[in-house]
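Structure first, commentary second.
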Amino acid sequence: MDLPTKSRRPCWVEIDTGALEDNYRLLRRLAGPATECLAIVKANAYGHGLEICGSAAVRAGARWLGVTSAEEGVAARAVCPDARIVIMGGIFPGQGATTLENRLTPVVWDPLQIDELESAATGAAPASVPVHLEIDTGMSRQGVSLDDLSAILGRFRSPSPLRLEAVMTHLYASDDATGRTTTAQLERLERALALVGTHPSLTPEFLSVGASAALLGGESAHIGALAARYNLIPMLRLGLALYGISPQFCPPYEANRQPHALTEALRQLEPVLTWKARIASLRSVPAGTEVGYNGTFVASEPMRLALLPLGYADGFDRRLGNQFSLLVRGQRAPLVGRISMDQAVMDVTEIPGVMRGDEVVILGSQEGETITAFDHADAAGTIPWEVFTRIAARVTRVEV
């Protein structure tokens with residue numbers, strides 16, 4: 001039986017669903033009325049909580065949700081019964097029936113995926129099974145190559161129950177402000193679309209290209225133009241920006257050359273997640289005291305230390321020990337010693353009045369001070385996506 005919220009270990013994240021809804025509406029407006037937008041809720045909604053965030057996205061007007069797997073799709077269907085749900089990571093052997101039963105839309109690129117879906121459809125006898133065909137335009141990850149595209153397109157002819165609803169690709173460098181890689185990818189994609197056009201029985205409706213960076217970096221206009229040439233509806237897949245974080249572009253845009261969408265996003269996006277804990281105990285130690293595993297920190301003077309119920313098993317990066325600060329009473333308190341599996345220690349010597357039970361902000365804002373996902377990522381040598389998605393399931397998600 002679950003403990004009451006107030007009785008749980010005091011390490012939690014707060015999810016501002018109002019902020020998520022506002023973010024979706026802003027991004028939808030920036031994308032324009034001719035563009036469809038898919039809300040990414042894969043990987044437990046980037047660590048924010050699928051059940052909370054999927055429902056919020058739908059309330060904001062999202063008709064499409066994106067997940068990684070059939071398992072995630074089933075979980076999303078349970079809370080979003082009417083949404084279109086795209087399995088972006090494709091399906092695996094034995095998942096065809098589950099995909100159809102839950103009205104999930106799989107991305108396909110491999111003949112074995114088509115075999116699986118056709119076999120499942122034969123037993124279920126649906127009128128048609130919509131699929132999104134991914135094209136590999138240079139990332140060499142998912143997607144059918146241009147060389148193999150003709151053979152895959154032939155699989156969609158009658159009597160196959162599969163219906164090609166969308167053509168998609170993934171822009172793997174849309175945060176590169178020079179745009180060179182994206183331009184090359186869109187050129188390859190246009191070759192693929194021309195080949196699709198030689199099959200008159202295939203009438204895809206959508207061109208699904210680009211994530212948050214494509215929208216905010218201005219590439220969505222090129223995607224829209226490409227879609228228009230082939231009478232398709234452009235679709236953007238909103239990920240990081242949906243959760244209130246604008247991707248960083250390299251090289252950074254000069255202020256007077258920044259795309260309008262990026263300017264508006266930086267001004268209006270609201271972070272959705274705040275990660276918090278409460279001080280478990282306090283102790284005063286003399287100079288020379290070692291702190292944490294292997295004594296990597298040694299007090300140079302008498303210090304007051306605060307213990308937190310926060311460790312790398314919660315998704316807090318072990319590399320942040322001795323090089324990062326958290327917020328308590330609106331001030332930054334340095335972490336001292338190594339991060340343990342379940343605990344961390346911070347120095348509150350210079351912060352008056354700190355008490356057991358004080359709220360500590362790990363990621364978010366407190367009394368005018370802010371710690372961002374980029375701050376975490378820069379200190380740990382990673383990216384914000386990883387910072388969010390590795391927050392462990394044992395860290396309670398609370399809707400606020």
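Some observations on this one:
- Output for region 213-231, where each listed residue is of a type in the set (A, V, I, L, M, F, W, C) and at pLDDT 95 or above: ALA213, ALA214, LEU215, LEU216, ILE223, ALA225, LEU226, ALA227, ALA228
- Close pairs from region 359-382: first farther than 18 Å from PRO247 by Cβ, partner polar (S, T, N, Q) and not in a strand (DSSP E or B), Cβ under 8 Å, at least 6 apart: ALA379/GLN323
- Of all residues in region 240-250 being outside any loop (DSSP other than H, G, I, E, B) and in contact with a helix residue (DSSP H, G or I) (Cβ under 6 Å, 6 or more places away or on another chain), the one that is nearest to THR68 (Cα to Cα): LEU240
- Among the conditions (1) assigned to a loop (DSSP other than H, G, I, E, B); (2) closer than 28 Å to GLU301 by Cβ; (3) of a type outside the set (Gly, Ala, Ser), the only one that ILE391 does not satisfy is (2).
- Some residue of region 321-340 being surrounded by fewer than 18 Cβ atoms within 10 Å (Cβ to Cβ), of a type in the set (A, V, I, L, M, F, W, C) and at negative phi: no
- Residues satisfying the stated conditions in region 317-355, i.e. of a type in the set (A, V, I, L, M, F, W, C) and under 26 Å from the mean Cα position of the chain (by Cα): LEU320, PHE324, LEU326, LEU327, ILE339, MET341
- Of all the numbered requirements in (1) open to solvent by 40 Å² or more (accessible area, probe 1.4 Å); (2) in a loop (DSSP other than H, G, I, E, B), ALA62 misses one, and that requirement is (1).
- Against the criterion of being at pLDDT below 95 and surrounded by 21 or more Cβ atoms within 10 Å (Cβ to Cβ), PRO234 does not qualify.
- Whichever residue in region 282-300 is touching a residue at least 40 places away in the same chain (Cβ under 8 Å) and part of a loop (DSSP other than H, G, I, E, B) and, among such residues, is farthest from GLU359 (Cα to Cα): THR296
- Residue-level check: of (1) crowded, with 16+ Cβ neighbours inside 10 Å; (2) in contact with an Asp or Glu (Cβ under 8 Å, 6 or more places away or on another chain), GLU116 misses just (2).
- Pairs, first closer than 13 Å to SER150 by Cα and without any contact (Cβ under 8 Å) to a residue 24 or more places away in the chain in region 196-211, second crowded, with 19+ Cβ neighbours inside 10 Å and among the aliphatic types (A, V, I, L, M), C-beta under 9 Å, six or more apart: THR198/LEU153
- Residue match in region 203-212 (condition: over 17 Å from ILE135 (Cα atoms), at pLDDT 95 or above and under 20 Å from the mean Cα position of the chain (by Cα)): yes
- Filtered by the rule that a residue be open to solvent by less than 80 Å² (accessible area, probe 1.4 Å), under 17 Å from THR396 (Cα atoms) and either at pLDDT below 95 or not polar (S, T, N, Q) (or both), region 254-279 gives VAL272, LEU273, TRP275, LYS276, ALA277, ILE279.
- Yes/no for VAL361 being surrounded by 16 or more Cβ atoms within 10 Å (Cβ to Cβ) and either of a type in the set (S, T, N, Q) or closer than 15 Å to ALA333 by Cβ (or both): yes
- Taken as a whole, the condition of being within 15 Å of the chain's Cα centre (by Cα) and small (Gly, Ala, Ser) does not apply to GLY61.
- Every condition in (1) surrounded by 23 or more Cβ atoms within 10 Å (Cβ to Cβ); (2) over 21 Å from the mean Cα position of the chain (by Cα) is met by VAL86 except one, and the failing one is (2).
- Region 138-193: number of residues that are under 28 Å from ALA241 (Cβ atoms), hydroxyl-bearing (Ser, Thr, Tyr) and surrounded by fewer than 18 Cβ atoms within 10 Å (Cβ to Cβ): 5
- Subset of region 119-137 that is among the hydrophobic types (A, V, I, L, M, F, W, C) and under 23 Å from VAL67 (Cβ atoms) - its residue that is surrounded by the fewest Cβ atoms within 10 Å (Cβ to Cβ): ALA124
- Residue that is nearest to PRO252 (Cα to Cα), among those in region 180-239 that are touching an Asp or Glu at 6+ places or on another chain (Cβ under 7 Å) and part of a helix (DSSP H, G or I): ALA213
- Qualifying residue in region 349-357 (condition: in contact (Cβ under 8 Å) with a residue 24 or more places away in the chain, closer than 22 Å to ARG9 by Cα, of a type in the set (A, V, I, L, M) and outside any helix (DSSP H, G or I)): yes
The values are calculated or read from the model by the stated rules, or taken from the named source; none is laboratory data. Quick caveat, the model's predicted, so the values are computed rather than measured. Quick reminder, even Gly has a Cβ in these numbers, built from the backbone with ideal geometry, and neighbours come from all protein chains shown. Note: accessible area is taken over every heavy atom of the protein model, side chains too, but ligands, DNA and RNA are not part of it. Shrake-Rupley method; radii C 1.70, N 1.55, O 1.52, S 1.80 Å.
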